[in-house]
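Working notes for the structure below.
The values are calculated or read from the model by the stated rules, or taken from the named source; none is laboratory data. Fair warning: this is a prediction, and the values are worked out from it, not measured in the lab. Cβ placement follows ideal geometry from the backbone for every residue including glycine, while neighbour counts extend to all protein chains displayed. The area values use the complete protein model at the heavy-atom level, side chains included, leaving out ligands, DNA and RNA. Shrake-Rupley method; radii C 1.70, N 1.55, O 1.52, S 1.80 Å.
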Amino acid sequence: MMKKIGLLTSGGDAPGMNAAIRAVVRTAIYFGMEVYGIERGYSGLIDDTMTRMEMRSVSDIVQRGGTRLRTARCLEMLTEEGQKTAVSTLERHGIEGLVVIGGDGSFRGAKCLTENYGIPTIGIPGTIDNDLEYTDYTLGFDTAVNTCLDVINKLRDTMNSHERISVVEVMGRHCGDIALYTGITSGAEIIVVPEITYDMDSIVKRIDLSRQNGKHSNIIIVAEGACSADEFAKQLQAVTSYSVRSTNIGHIQRGGSPSMADRMLAAQFGNKAVRLLKDGIGNRVVGIRKNEIIDMDIIEAVSMKKRFNYELYETLQMISM
Ligand code: F6P
């Protein structure tokens with residue numbers, strides 16, 4: 001059985017990362033393993049900043065956003081030199097396996113450690129973007145969407161009073177899932193996502209139709225990868241007589257106490273990751289599919305291309321008028 005494992009969070013933080021750290025640490029201790037927390041993602045592996053984590057190191061964090069291990073986007077990890085230094089840190093400390101909590105970029109680092117250097121590594125999907133195809137949900141997505149909903153509920157009040165159009169920018173450089181889920185659940189009439197080219201004429205027609213149908217205000221959700229809210233609002237204001245205002249939710253959607261759904265995922269992902277390592281299984285990622293916790297080959301997982309859910313997009317089109 002593996003005796004010593006390392007744990008890091010990498011890339012953009014996501015609500016629920018702390019809850020996952022807690023689950024990893026507590027499960028490892030349950031099985032009699034030593035667990036080392038590596039600070040600032042892969043940078044901490046390269047700089048050798050790690051500390052042993054005990055039962056009480058993860059007290060009072062299940063409800064906190066952010067990551068107590070801190071995080072970084074580490075460019076050095078993309079170089080052979082950086083990777084070799086990271087591997088030698090692990091070897092020096094006798095660390096036999098690694099848990100990486102992060103998104104797509106972080107998984108590529110994990111894949112490299114596993115594929116090129118034979119380090120058993122397990123990936124836990126932690127990103128608000130929900131941009132990994134192999135899992136239905138990533139850690140932090142649910143909380144981020146709920147945060148966007150809070151903001152939009154408030155915006156609705158003022159937009160309705162002034163009979164305005166609200167253009168709201170959410171995160172998602174390459175993936176429109178935050179916009180899609182926020183759009184459906186907030187009742188937005190229109191979403192603009194990187195996966196679909198938008199056509200301003202049909203957007204204006206849709207707004208006009210909704211007003212003829214008795215609506216007093218409109219919400220348009222724009223994913224950052226498609227256009228900025230400011231730019232989109234400018235373009236729209238040039239072709240509509242309704243008053244348009246823009247809001248960028250920004251990094252607010254990356255913080256905050258994780259929702260029940262994210263805490264539950266964190267508990268299950270963290271627990272599963274350590275159980276795999278305990279049994280000597282590395283080179284896997286954990287996820288959730290059809291409400292079941294799954295694991296799959298890390299190389300296969302990172303090679304899968306995220307698909308946009310056009311059926312949900314059509315649902316929005318049908319029910320939001
Ligand atoms: O990957 C998560 C994410 O929040 C993206 O949605 C966004 O494009 C990016 O990170 C922002 O990164 P940063 O916090 O480094 O500006």
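Observations, loosely collected:
- Note on region 1-93: Cα-only Rg and Dmax are 13.2, 38 Å.
- For Ser88 and Asp136, a Förster radius of 35 Å and the Cβ-Cβ distance give a FRET efficiency of 0.40, rounded to the nearest 0.05.
- Considering only beta bridges that DSSP places wholly inside the chain, some 25 percent are antiparallel.
- Label positions at Asn291 and Asn116, each projected 7 Å from the Cα along the C-beta direction, are separated by 4.2 nm.
- Listed peptides 62-74, 250-262 by packing density, highest first (mean Cβ within 10 Å): 62-74, 250-262
- Anisotropy class of region 146-299 from Cα gyration tensor, a/c 1.5 cut: prolate
- The mean accessible area for residues of the chain, using a 1.4 Å probe and ignoring ligands and nucleic acids, is 44 Å² per residue.
- Considering only GluC sites (Glu not before Pro) in DSSP loops that have at most 16 other Cβ atoms within 10 Å, the longest stretch of the chain without any of them is 164-321.
- Across the accessible surface of the chain, with the other protein chains kept in place and a 1.4 Å probe, carbon and sulfur atoms take up 48 percent.
- Candidate lysines for bridging to Lys278, where Cα separation is under 22 Å - those fewer than 8 sequence places away on the same chain excluded: Lys3, Lys4, Lys111
- Principal-axis tilt of helix 80-92 within the chain, Cα atoms, nearest 10 degrees: 50
- Cα gyration tensor category, rounded, prolate or oblate, for region 74-162 with a/c compared to 1.5: prolate
- Between the helical axis of 310-319 and the longest alpha-carbon principal axis of the chain there is an angle of about 40 degrees.
- Using a Förster distance of 25 Å, the FRET efficiency for Arg108-Thr315 (Cβ separation, nearest 0.05): 0.15
- Helix 260-278 and the longest principal axis of the C-alpha atoms of the chain enclose an angle of approximately 30°.
- Dimensionless Rg over Rh [the chain; C-alpha; Kirkwood]: 1.05
- Within the shell of other residues whose beta carbon sits under 13 angstrom from the beta carbon of Met200, the net charge comes to -1, with Lys and Arg scored +1 and Asp and Glu -1.
- Stretchable slack from Ala261 to Glu54, in nm (0.36 nm times residue separation minus alpha-carbon distance): 71.9 nm
- Note on Thr79 and Asn160: the model spin-label points, each 7 Å out from Cα along the C-beta direction, lie 5.6 nm apart.
- Filter on Lys154/Lys215; Lys272/Lys306; Lys205/Lys305 - keep pairs with C-alpha separation over 28 Å: Lys205/Lys305
- Here the extension length gained between Gln212 and Ala238 equals 7.3 nm, from 0.36 nm per residue of separation less the Cα-Cα distance.
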